[in-house]
Amino acid sequence: MGRQDDAGRTYDVVLFGATGFAGRLTAAYLAAHAPKGCRWALAGRNKAKLEQLRAGLAADHPHCADLPLLHADADDPESLRAVAADTRVVATTVGPYLKYGEPLVAACAEAGTDYVDLTGEPEFIDQMYVRHHEAARASGARLVHACGFDSVPHDLGVLYTVGLLPEGVPLRMTGIVRTNGTFSGGTLASALTVMSRPLGMVRAARERQRVEPRPVGRTVRALPGAPIREQGVWGVPLPTLDPQVIARSAAALERYGPDFRYRHYAGVKRLPVVVGGVLGAGAAYGAAQVAPVREWLSARLSPGDGPDAARRASSWFKVRFVGEGGGRRVVTEVSGGDPGYDETAKMLAESALCLAYDELPDTAGQVTTAVAMGDALTNRLRRAGIRFRVVEERG
């Protein structure tokens with residue numbers, strides 16, 4: 001594998017989908033925090049909206065007045081190839097990714113361009129591995145999916161906790177997620193897409209299993225688990241993308257030990273909330289199977305809509321990790337503000353900057369945040385206000 005020569009590229013980072021809800025927040029974060037000399041640009045299909053966004057950024061950050069605006073359209077693969085060929089890293093917020101994402105992944109894999117996104121769609125990630133992993137390995141591109149709340153705090157939180165446990169021993173890990181955050185129209189559309197395609201998700205996972213190498217001499221499992229009582233809350237199995245991402249990091253990194261097992265939960269304080277949550281999730285899954293109902297639900301929020309600044313300012317997340325192995329028990333916590341948007345924009349932007357600027361392991365192909373960026377991204381997020389801390393240690 002060999003990365004393409006970056007010397008002739010105009011940009012360090014291009015943000016695609018900059019005028020959507022998550023895109024605008026990511027653009028604002030880059031305007032405030034991109035290092036001096038960073039060559040970055042906004043990309044999208046609507047020039048008027050891009051100009052309006054740039055003007056808004058320049059009002060607070062005058063250096064953004066001349067920010068380059070690039071034409072890129074998910075339905076125009078040639079425009080995506082042109083963008084990918086002229087930058088070192090592309091960050092995209094354009095979802096649902098199953099519908100809009102593949103042409104950009106293909107363009108980056110071909111051009112040797114690093115790629116980060118916000119997908120929480122397992123079927124999309126598995127399809128992209130099967131179709132583009134080898135091309136990315138050959139070109140040197142790093143394709144890093146799920147660089148927002150799905151799944152950065154979980155993937156890096158487990159990596160952080162593993163580093164506090166003994167080496168070379170079986171490790172058991174439990175993650176418990178608590179948050180009061182809400183969601184945007186784009187997130188709702190992606191979630192409904194995922195729930196409406198259970199068979200497609202299974203097929204994509206099986207196809208990936210047929211072609212993906214497995215760790216030799218080591219065992220890695222992400223277990224569904226039964227409900228638990230831990231850290232003062234009830235833990236309800238949480239069927240998100242996060243355990244799959246964590247398991248792939250564990251399969252790639254020997255530091256996770258010879259036998260690594262992970263369980264993932266939503267944490268709630270009161271048992272009636274557990275029951276209500278389970279019933280609500282079942283109702284949402286059933287509704288997603290009926291196309292007219294799914295379309296009606298999706299229309300309740302447009303892709304550009306989301307919680308306002310006041311609502312985001314009151315939102316928070318906390319993820320506790322309980323790790324055990326070699327006679328030692330460690331409890332850690334990753335926490336921050338609004339998970340779905342403010343912190344997700346921060347995670348996506350810092351992931352792109354990390355790939356563009358930091359000294360990182362020599363990787364290529366489709367890789368996780370822990371494998372591609374690891375401690376470098378953790379350190380960036382800590383400096384940006386996301387907390388990684390030890391709660392308890394024994395043994």
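The values are calculated or read from the model by the stated rules, or taken from the named source; none is laboratory data. All figures in this text were calculated on a predicted structure; none of them were measured in a lab. For neighbour counting, all protein chains shown are included, and Cβ atoms are generated from backbone atoms with ideal geometry for every residue, glycine included. We work out accessible area using only protein heavy atoms, side chains counted, and drop any ligands, DNA or RNA first. Shrake-Rupley method; radii C 1.70, N 1.55, O 1.52, S 1.80 Å.
List of remarks:
- Residues in the range 139-175 that are assigned to a loop (DSSP other than H, G, I, E, B) and in contact with a Phe, Trp or Tyr (Cβ under 8 Å, 6 or more places away or on another chain): 141, 145, 149, 170.
- Taken over the range 242-269, the residue count meeting the criterion of being open to solvent by less than 60 Å² (accessible area, probe 1.4 Å) and assigned to a strand (DSSP E or B) is 8.
- The range 348-377, residues that are polar (S, T, N, Q) and either open to solvent by 10 Å² or more (accessible area, probe 1.4 Å) or free of Cβ contacts under 8 Å to residues at least 24 places away in the same chain (or both): 363, 366, 368
Residue by residue, here is whether (1) over 26 Å from residue 102 (Cβ atoms); (2) modelled with pLDDT of 95 or more; (3) part of a helix (DSSP H, G or I) holds:
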site: 332; (1), (2), (3): yes, yes, no
site: 340; (1), (2), (3): no, no, no
site: 347; (1), (2), (3): no, yes, yes
site: 350; (1), (2), (3): no, yes, yes
site: 356; (1), (2), (3): no, yes, yes
site: 359; (1), (2), (3): yes, yes, no
site: 371; (1), (2), (3): no, yes, yes
site: 376; (1), (2), (3): yes, yes, yes
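- Qualifying residue in the range 73-89 (condition: hydroxyl-bearing (Ser, Thr, Tyr), at pLDDT 95 or above and more than 22 Å from residue 309 (Cα to Cα)): yes
- Of all residues in the range 378-395, those that are open to solvent by 20 Å² or more (accessible area, probe 1.4 Å), under 22 Å from residue 323 (Cβ atoms) and not in a helix (DSSP H, G or I) total 8.
- In the range 1-95, counting only helices (runs of 4 or more DSSP H) that sit wholly within it, the ones holding 1 or more residues that are in contact (Cβ under 8 Å) with a residue 12 or more places away in the chain and either at positive phi or among the acidic types (Asp, Glu) (or both) span 47-60.
- Of all residues in the range 197-232 being surrounded by 19 or more Cβ atoms within 10 Å (Cβ to Cβ) and part of a strand (DSSP E or B), the one that is modelled with the lowest pLDDT: 222
- Residue among 96, 153 that alone is open to solvent by less than 40 Å² (accessible area, probe 1.4 Å), more than 25 Å from residue 210 (Cα to Cα) and modelled with pLDDT under 95: 96
- Within the range 99-121, the set of residues being open to solvent by 10 Å² or more (accessible area, probe 1.4 Å) and under 18 Å from residue 240 (Cβ atoms) comprises 118, 120.
- Extreme residue, farthest from residue 320 (Cα to Cα), among residues of the range 196-251 that are β-branched (Val, Ile, Thr) and touching a helix residue (DSSP H, G or I) at 6+ places or on another chain (Cβ under 8 Å): 211
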